[in-house]
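The values are calculated or read from the model by the stated rules, or taken from the named source; none is laboratory data. Just so it is clear, the model here is predicted, and its values are computed rather than measured. Glycine gets a Cβ as well: all are built from the backbone with ideal geometry, and neighbour counts include every protein chain shown.
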2 protein chains.
Amino acid sequence: MKIALVGIGKIALDQHVPALAASPDWDLTATVSRSGQVPGVLAFHDIDTMLAAHPEICAISLCLPPVPRFAAAVAVLRAGRHLMLEKPPGATLSEVHVLRDMAAAQGLTIFATWHSRMAQGVAAARDWLAGRTIREGRITWREDIRKWHPGQDWILDAGGMGVFDPGINALSILTAILPEPVHLQGADLDVPANRQAPIAARLQLSQGITADLDFRQQGPQTWDIRIVTDDGTLVLRNGGNILQIDDRPVTGGDSIMQEYPALYDRMARLVRQGASDVDLAPMVLVADAFTSGRRHAVDPFEF
Amino acid sequence: MKIALVGIGKIALDQHVPALAASPDWDLTATVSRSGQVPGVLAFHDIDTMLAAHPEICAISLCLPPVPRFAAAVAVLRAGRHLMLEKPPGATLSEVHVLRDMAAAQGLTIFATWHSRMAQGVAAARDWLAGRTIREGRITWREDIRKWHPGQDWILDAGGMGVFDPGINALSILTAILPEPVHLQGADLDVPANRQAPIAARLQLSQGITADLDFRQQGPQTWDIRIVTDDGTLVLRNGGNILQIDDRPVTGGDSIMQEYPALYDRMARLVRQGASDVDLAPMVLVADAFTSGRRHAVDPFEF
């Protein structure tokens, strides 16, 4: 099946392009980007031109930041093509609801991806937790914004989600592995005096689960989830890629390079089945934290 | 059918109690409140005691503020009773999702009410807009917080929603009357330097609709929605209670006293049908405004 990639930035070149090159299902036929391109692939600057020129491209994958993504997504669905969205699937919940309803009305596939759910330890963690009772849990998601988002002011601006840009990956894993739905009970948001979005957050969730999200981590980076049950303790490390039960390694490895191939494999199956997958649970928890959380002004931040 | 009312404050005494007294469907059998009571009705201080003592009470209506409401709602559903919620139905979206799923799993009715949707002009406005094309719209919702919420610090604290506490009434009407779903495109939130929640907000919605919400109005209060279509202009005044088309009065009146009787009538029908009604569209727009809106510090506010 022919596919086009829109938004040729770091994540597209690092993950999407290699995943598509190795895929038995997909042929990367075109790209759309202001400046980026992929050697050997037709390059467009404008999505509407591409859609009109290539009716044989049946699916479009969007790697744009959340704010400009909606207009492109509407163009894709209006042109009758299947749609795959990077995380988070939009800048707001209400716009993703619109996309979901548009796709359903036309019988098109829409896939709101959460790449961390494809990490190597996640499926085994979900299976192990099924039937066990959660006693408490702890998310520790601490990374260096200067390393991963150098100079990207938009991420700390209104709509940029701040520390929830990485933190939503943890929430996407949590909501995939817990046997029962989780809800937000409280949140504290640390917002730099010169920015709009939080640079750190502490969440209190139901089932005794807390989250410590921080974008100011220096030195070793931490992406861990620890869940204590009535029958043992589970730890997911390295963004869901390493699973340990009661301190014994179970599955996984350091590499995150299988996450995007798994997403494109799932997209191919959804298209063939005429199905969609839009699970907004991680985004609802973030919206709840913004709505009900207590803001604390912290030191101004400069990249 | 026997019903209990939990949270005997101003809204319960002004609206819920008279509506129940006049209802052909409901018998107000008990109240639960720290200090409030209703003459001639059994009064409890604790919801669990009331639920255990009166298995014949089949439905519970909660008039508590959003934050303490969730624990009471869980107690009601665990006790196998039908549940009616004042607006907004919770402090967060994720907790309302939990309630909705709990009620569905037990075959119980849950009704997340939006009293402004029962205002006298709303149904006629929806019918008139059906089939017409929206060109633009304007919500103007300006009221005096000191008049309606004297000394209620919680409303400007984290989780209190600020000006969205009244503004969500406008959004509940808008989402009920528009032929197509609306989504948030941008928001500016004015937050007093000594408070957590916005005291004023300006929203940009799709379909060319804007909203001007302000809690600092003095003098005349304004609760108006104006929708310009390709075939005439609709104005709802007085919180949805007066409908004008092209400046001619169509229906309605000043009184809001029919809103709560209509809610209890609908609750009775839902219980008899074994159905539920949980439409979170107004709350999603508020969560979107908190998540993606730009905050502006404004003068400190004291009641």
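Would you please name the residue that is nearest to B:Pro68 (Cα to Cα), looking only at residues in the stretch B:184-197 that are surrounded by fewer than 23 Cβ atoms within 10 Å (Cβ to Cβ) and within 11 Å of chain A (Cβ to nearest Cβ)? So, considering only residues that are surrounded by fewer than 23 Cβ atoms within 10 Å (Cβ to Cβ) and within 11 Å of chain A (Cβ to nearest Cβ), the one nearest to B:Pro68 (Cα to Cα) is B:Gln196.
Take A:Gly121 and tell me if it is assigned by TED's automatic domain parsing to the domain that holds A:Asp188, under 19 Å from the mean Cα position of the chain (by Cα) and not hydroxyl-bearing (Ser, Thr, Tyr).
yes
The set of residues in the stretch A:220-242 that are under 25 Å from A:Asp144 (Cα atoms) and among the acidic types (Asp, Glu) contains only A:Asp224. In the condition set (1) hydrophobic (A, V, I, L, M, F, W, C); (2) more than 13 Å from chain A (Cβ to nearest Cβ); (3) crowded, with 17+ Cβ neighbours inside 10 Å; (4) within 30 Å of A:Arg294 (Cβ to Cβ), B:Leu270 is compliant with all but (4).
Answer yes or no as to whether B:Pro282 is crowded, with 20+ Cβ neighbours inside 10 Å, out of contact with any Asp or Glu (no Cβ under 8 Å at 6 or more places or on another chain), of a type outside the set (A, V, I, L, M, F, W, C) and not in a loop (DSSP other than H, G, I, E, B). Judged against the criteria, B:Pro282 is a match. Residues that are outside any loop (DSSP other than H, G, I, E, B) and small (Gly, Ala, Ser) within the stretch A:17-53 comprise A:Ala19, A:Ala21, A:Ala30, A:Ala43, A:Ala52, A:Ala53, listed in sequence order.
One line per residue, one yes/no per condition, for (1) touching a strand residue (DSSP E or B) at 6+ places or on another chain (Cβ under 7 Å); (2) within 14 Å of another protein chain (Cβ to nearest Cβ):
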position: B:Ile134; (1), (2): yes, no
position: B:Pro150; (1), (2): no, no
position: B:Gly160; (1), (2): no, yes
position: B:Gly167; (1), (2): yes, yes
position: B:Thr175; (1), (2): no, yes
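Of all residues in the stretch B:209-226, one or more are surrounded by fewer than 17 Cβ atoms within 10 Å (Cβ to Cβ), in a strand (DSSP E or B) and either of a type outside the set (S, T, N, Q) or not assigned by TED's automatic domain parsing to the domain that holds B:Pro150 (or both). Of the listed requirements (1) within 14 Å of another protein chain (Cβ to nearest Cβ); (2) touching a strand residue (DSSP E or B) at 6+ places or on another chain (Cβ under 7 Å), A:Val98 misses just one: (2). Considering the conditions (1) within 14 Å of chain B (Cβ to nearest Cβ); (2) over 27 Å from A:Ala59 (Cβ atoms); (3) not aromatic (Phe, Trp, Tyr), A:Gly253 is excluded by exactly one of them, (1).
Does B:Gln221 count as touching an Asp or Glu at 6+ places or on another chain (Cβ under 6 Å), away from chain A (no Cβ under 13 Å) and over 27 Å from B:Ile134 (Cα atoms)? No. The residue of the stretch B:136-156 that is nearest to B:Leu213 (Cα to Cα), among those that are assigned to a loop (DSSP other than H, G, I, E, B) and modelled with pLDDT under 95, is B:His149.
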